[in-house]
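The values are calculated or read from the model by the stated rules, or taken from the named source; none is laboratory data. Just so it is clear, the structure is predicted and the values come from calculations on it, not from any experiment. Because the Cβ atoms are built from the backbone with ideal geometry, glycine has one as well, and the counts that use them run over all protein chains shown.
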Amino acid sequence: MSARIQTRMAEIKSAGRCGLIPFVTAGDPHPDWMAAILHALVEGGADLIELGMPFSDPMADGPVIQKSSERALERGMTLDRTLAIVREFRQRDAITPVVLMGYLNPVEYYGWDQFAASAKSAGVDGLLIVDCPPEEADSVRPVLAKHALDQIFLASPTTTDERIATMGELAQGYVYYVSFAGITGADRLVMADVGDKLDALRGKIRVPIAVGFGVKTAAQAAALAPHADAVVVGSALVEQLAVAISLTDAQQRARDFLQPLRRAIDAARTTENL
């Protein structure tokens, strides 16, 4: 298991906080800016970072992240360059966990053992492979375990009880709960429904639960904070970064986007505990 993820999640729980997990696509808005953008996200309040591995057919992603992946691939992004971003980030930050998020095809082409070894060496803490559910990961788990990488699983409103039970036994790091059945960035988030489902799921999953998909505003993040161990924000942030005109602009956009969410989440948890 990843010591960084385990330590960070334990710190969040001990402090009575809700974590904040931003997602960005490696290589967008510019490959050379990414490590600095990751640092800006930490400065803005990120507890953990999900870094997307660009792929030509991101089936679970909406238009914003699909276009982000396309731009990154056009700029020459590869898995090796994605790992280089993490390696550069680790030169200044040895604490913040980094999870790579993506799809099976590029990793299988690279080779699981070689990729896991390279990811660990670069400073990666976990992998979230969208199209690799727990019951199909028998060959993957030993490879990741060998390199102390957490396999992060996805759960959703349509996840079967059987899969949730399997996930409850095998999950590491945290489980990413998809707030609705659909693609990233869609406008279908119903707070009361998500809160009820998260509360029900908590008794079945032994690791922390992060919730994402459709979280765009500080108010939405605050509404989810009492029910989740962490809130994930992706498309809305990627959209902000896409129009950055310089590295300095991108860093400022990253901080300015996250800081209101950080304050809202913290305030929601403080209110809950009064």
Of all residues in region 85-111 being hydrophobic (A, V, I, L, M, F, W, C) and either surrounded by fewer than 17 Cβ atoms within 10 Å (Cβ to Cβ) or at pLDDT below 95 (or both), the one that is nearest to L128 (Cα to Cα): L104
Enumerated helices (runs of 4 or more DSSP H) restricted to region 207-274, each holding at least 1 residues that are surrounded by fewer than 20 Cβ atoms within 10 Å (Cβ to Cβ) and hydroxyl-bearing (S, T, Y): 247-273
Sole exception among (1) in contact with a Ser or Thr (Cβ under 9 Å, 6 or more places away or on another chain); (2) more than 21 Å from T96 (Cβ to Cβ); (3) at pLDDT 95 or above for R75, by number: (1)
Region 136-177: number of residues that are at pLDDT below 90, assigned to a loop (DSSP other than H, G, I, E, B), farther than 21 Å from G19 by Cα and not charged (D, E, K, R): 6
Some residue of region 26-39 being within 17 Å of the chain's Cα centre (by Cα) and closer than 17 Å to V215 by Cα: no
Selection status of P208, at pLDDT below 90, touching a Lys or Arg at 6+ places or on another chain (Cβ under 8 Å) and at negative phi: no
Region 109-135 - residue that is assigned to a loop (DSSP other than H, G, I, E, B) and touching a residue at least 60 places away in the same chain (Cβ under 8 Å) and, of those, nearest to F89 (Cα to Cα): D125
One residue from R71, R17, R75 being in contact with a His (Cβ under 8 Å, 6 or more places away or on another chain) and over 21 Å from F153 (Cβ atoms): R75
Complete set of residues in region 41-80 that are assigned to a helix (DSSP H, G or I), in contact with a Lys or Arg (Cβ under 9 Å, 6 or more places away or on another chain) and surrounded by fewer than 22 Cβ atoms within 10 Å (Cβ to Cβ): E43
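Tell me yes or no: at least one residue of region 99-108 is outside any helix (DSSP H, G or I), among the polar types (S, T, N, Q) and out of contact with any Gly (no Cβ under 7 Å at 6 or more places or on another chain). Before the answer, list the steps.
Taking region 99-108 as the starting set, the residues that turn out to be outside any helix (DSSP H, G or I) are 99-103.
Adding the requirement that they be among the polar types (S, T, N, Q) leaves none.
Checked region 99-108: no residue is outside any helix (DSSP H, G or I), among the polar types (S, T, N, Q) and out of contact with any Gly (no Cβ under 7 Å at 6 or more places or on another chain).
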Residue that is farthest from V238 (Cα to Cα), among those in region 16-40 that are surrounded by fewer than 24 Cβ atoms within 10 Å (Cβ to Cβ) and among the charged types (D, E, K, R): R17
Residues of region 6-38 satisfying the condition of being touching a Phe, Trp or Tyr at 6+ places or on another chain (Cβ under 7 Å) and more than 19 Å from A221 (Cα to Cα): A35, L38
Residues of region 139-163 satisfying the condition of being buried (at least 18 other Cβ atoms within 10 Å of the Cβ) and in contact with a strand residue (DSSP E or B) (Cβ under 7 Å, 6 or more places away or on another chain): V140, L144, L149, D150, Q151, I152, F153, L154, A155
Filtered residues of region 55-105 (kept if among the polar types (S, T, N, Q) and closer than 16 Å to S2 by Cβ): T96
Flag for S2 being of a type in the set (S, T, N, Q), modelled with pLDDT under 95 and more than 23 Å from V231 (Cβ to Cβ): no
